[in-house]
Amino acid sequence: MDTCRLNLTHFHPLPRTTAPPADGLGGSMYGAIPAFLSLLALLTPAWAQNRPPSVGQQSYQRGRVLFSQKRYVQARTLLGKACASGKWDACDMLTIMYVVGLGGLPAHSSMVGVPFSDAVPVFEHDCETGEALACSHLGYMYENNIGVSENFAKKQAFYSKGCVGGDGFACDDLGIERDVSCQMKSAADCPVAASLYAKSCDLGFAQGCQHLGSMYHKGIGIERDDVRAQALFSRACSAGAAGACRELETMGRAR
């Protein structure tokens, strides 16, 4: 698998199947494309820029150029090859194309099967050898029918491996599951959700900080603490979580 993985707080275009507590996250998926493309170049590590590109990386780079030129049919072919090789950034861009409907695809096209399914064994191998991001990728794929059929048990298992391995997105997703359970039926899940959000936040995932801040602000499952909530919202806002910025504004108006 190509390990040049960008830290864009896990740019995942599809909504999660289990929504987090209302956090204001959302917006136009298509409108996010220009920002995503510009950030790719800025955030690619220098060591990755200076080494010979792999075949998957070459296909991704060429596909990305075609995508920016709106030559979506050609871009789709190259991005498909890159995704199949385990280049997750290419899979991300393909996901946009399948959801929005670009490159000759109808909107909301099924993503079960190739080229996404070809990436599954690559991620499985890398997950087994200890790469946390590969485990998280698989969890996301099983959550959203990308290359594979939806499977809650496998989603949970791969996210758990990703979280244990140090991936904040995976911890946050697991926290969301427990948070929903906490609010709906099981008080025992509340401290577990808070703990997972805290780990996600400590690992640098902005939404983990935001979701933990929401728990403290609402006082659901844990004692209400607006000082902690404000600090967490501020941290998440500084890291780019727009919903956390709005929470800060709301708290400021309420005073």
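When restricted to residues that are part of a helix (DSSP H, G or I) and either in contact with a Ser or Thr (Cβ under 6 Å, 6 or more places away or on another chain) or surrounded by fewer than 23 Cβ atoms within 10 Å (Cβ to Cβ) (or both), segment 143-161 contains 9. Pick from segment 175-192 the residues that are touching a Ser or Thr at 6+ places or on another chain (Cβ under 8 Å) and either in contact (Cβ under 8 Å) with a residue 60 or more places away in the chain or buried (at least 24 other Cβ atoms within 10 Å of the Cβ) (or both): which of them is nearest to residue 132 (Cα to Cα)? This residue is 175. Among residues that are surrounded by fewer than 20 Cβ atoms within 10 Å (Cβ to Cβ), in contact with a helix residue (DSSP H, G or I) (Cβ under 6 Å, 6 or more places away or on another chain) and within 30 Å of residue 112 (Cβ to Cβ), residue 204 is not included. Of everything listed in (1) surrounded by fewer than 16 Cβ atoms within 10 Å (Cβ to Cβ); (2) among the charged types (D, E, K, R); (3) assigned to a helix (DSSP H, G or I), the single unmet condition for residue 228 is (1). Got at least one residue in segment 97-105 being in contact (Cβ under 8 Å) with a residue 60 or more places away in the chain, hydroxyl-bearing (Ser, Thr, Tyr) and assigned to a helix (DSSP H, G or I)? Among the residues of segment 97-105, not one is in contact (Cβ under 8 Å) with a residue 60 or more places away in the chain, hydroxyl-bearing (Ser, Thr, Tyr) and assigned to a helix (DSSP H, G or I), which makes the answer no.
Quick check on segment 207-224. Is at least one of its residues among the basic types (Lys, Arg), surrounded by fewer than 16 Cβ atoms within 10 Å (Cβ to Cβ) and not in a loop (DSSP other than H, G, I, E, B)?
yes
Which residues, taken from segment 104-124, are in contact with a helix residue (DSSP H, G or I) (Cβ under 6 Å, 6 or more places away or on another chain) and among the acidic types (Asp, Glu)? Of everything in segment 104-124, just one residue is in contact with a helix residue (DSSP H, G or I) (Cβ under 6 Å, 6 or more places away or on another chain) and among the acidic types (Asp, Glu), namely 118.
Comparison of 160, 117, 85 shows that the only residue that is free of Cβ contacts under 8 Å to residues at least 40 places away in the same chain, farther than 25 Å from residue 211 by Cα and polar (S, T, N, Q) is 117.
How many residues does segment 108-117 contain that are more than 18 Å from residue 139 (Cβ to Cβ) and surrounded by 14 or more Cβ atoms within 10 Å (Cβ to Cβ)?
2
Please work out if residue 82 is buried (at least 18 other Cβ atoms within 10 Å of the Cβ) and either touching a Phe, Trp or Tyr at 6+ places or on another chain (Cβ under 9 Å) or over 19 Å from residue 148 (Cα atoms) (or both). In short, yes.
No value in this document is a laboratory result; all are computed from the given coordinates. Small disclaimer: the values here were computed from a predicted structure and weren't measured. Every residue, glycine as well, gets a Cβ built from its backbone with ideal geometry; the counts of neighbours run over all protein chains shown.
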